[in-house]
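Down below is the structure, laid out as structure tokens.
The values are calculated or read from the model by the stated rules, or taken from the named source; none is laboratory data. Computed from a prediction, not measured in an experiment: that's the story for all the values here. Reconstructed Cβ throughout: ideal geometry from the backbone, glycine too, with neighbour counts over all protein chains shown.
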Amino acid sequence: MKYDAKMRVRMKSEVLAEIEKYVYPDIRGLLIEIELPRKIDLYEQLELLVYQTFCDAATTGVLKAFDWDVGESRFKAAYLVHLWSDEKHLYDMEDFSNAFTAEELEEVLSFTKHLIARLYTLDCESFRIIPSA
């Protein structure tokens, strides 16, 4: 589908607004937090889920430039999923806007939402994903 310039600008602004909730000061790329009621060892399960999701999606397009990592929070019972690009400088929304077209941003957002949906399938009692999709 072809978009005129005005529609692309509006679409890009809307997608950037949705991506913004995953962008944190001084952190390159996107961050998703899985907050748990207590410490539970989910590292391997999370790593496998993110790996599989990323492999399924990163075969084409803008996601080829992204890498990922899973880590445990030092401050509370939580895990962090970090998505970033070594090829792009992505520290704030202006960086995302300059680095990607509206269509590429939509691909990043779609992947992030798909990953969050898969995170909700984790086999553990209760948790909260920040930010929610």
Unique match (being surrounded by 15 or more Cβ atoms within 10 Å (Cβ to Cβ), in a strand (DSSP E or B), of a type in the set (Ser, Thr, Tyr) and modelled with pLDDT of 90 or more) among 91, 79
79
Taking residue 84 as the residue in question, decide whether it is of a type in the set (A, V, I, L, M, F, W, C), surrounded by 14 or more Cβ atoms within 10 Å (Cβ to Cβ) and within 19 Å of residue 15 (Cα to Cα).
yes
Return the residues of the range 108-133 that are at pLDDT 85 or above, under 14 Å from the mean Cα position of the chain (by Cα) and polar (S, T, N, Q); say none if nothing qualifies.
110, 112
Of everything in the range 12-58 that's touching a helix residue (DSSP H, G or I) at 6+ places or on another chain (Cβ under 8 Å) and assigned to a loop (DSSP other than H, G, I, E, B), which residue is surrounded by the most Cβ atoms within 10 Å (Cβ to Cβ)?
23
Residues in the range 12-32: is at least one free of Cβ contacts under 8 Å to residues at least 40 places away in the same chain and under 16 Å from residue 129 (Cα atoms)?
yes
